[in-house]
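The values are calculated or read from the model by the stated rules, or taken from the named source; none is laboratory data. Just so you know, these numbers come straight off a predicted model, no measurement behind them. Accessible surface is based on the protein model in full, side chains and every heavy atom, while ligands, DNA and RNA are left aside. Shrake-Rupley method; radii C 1.70, N 1.55, O 1.52, S 1.80 Å.
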Amino acid sequence: MDRLTAEADMLLASQPRSPEKLARAEGLIRDALASAPDDFRALMLLAELSVRAGRPAEALAALERACPRAPQGAGATACWFQLGVERSRQGRLGEAVLAYERLIALGDADATTHANLAELLMAEGRLVEATARYREAIRLETPAAGSARREPPHSLTLA
């Protein structure tokens, strides 16, 4: 199982990318999921592969299965963030809001998460909440006094 996902991950990360590599990675991921249908890592790899292959519905389905199974920490953060992004891309704004709110509830949200959520809240006409999220994004990205950082990061500019 671990060998299958490790090899698939390596294929997805390798350059140059080719349809043959994607097909081989997909076969490995599907084999891994056949033996462990709820494996978080395999589901995340399937989501990544599906995005690259232009199959957004499949990517979303994999993320929706993966996120509730995510281990605490970086895995959960990445999953809920990507779920918010994919739901937004598919026009499922209310569901995207829920994904970003779940990420914030985990306590791992960065400025980009808050800015993305603010955009969605604005689209839903929830301007007071959007303003609060933009302010949080700015707070998280504003360099501390005396910081060596000279230029504002992209997420601060967005917020």
Springs between alpha-carbon pairs under 10 angstrom, Gaussian network model over the chain: which of LEU83, LEU43, LEU140 fluctuates most?
LEU140
Roughly to the nearest percent, how much of the accessible area of the chain is carbon and sulfur, given a 1.4 Å probe?
55 percent
The chain - Debye-derived log10 I(q)/I(0), Cα point model, q = 0.11, 0.12, 0.20, 0.21 Å⁻¹:
-0.52, -0.61, -1.16, -1.21
Leaving out ligands, DNA and RNA but keeping every protein chain, what accessible area does TYR134 have, in Å² rounded to the nearest 10, with a 1.4 Å probe?
30 Å²
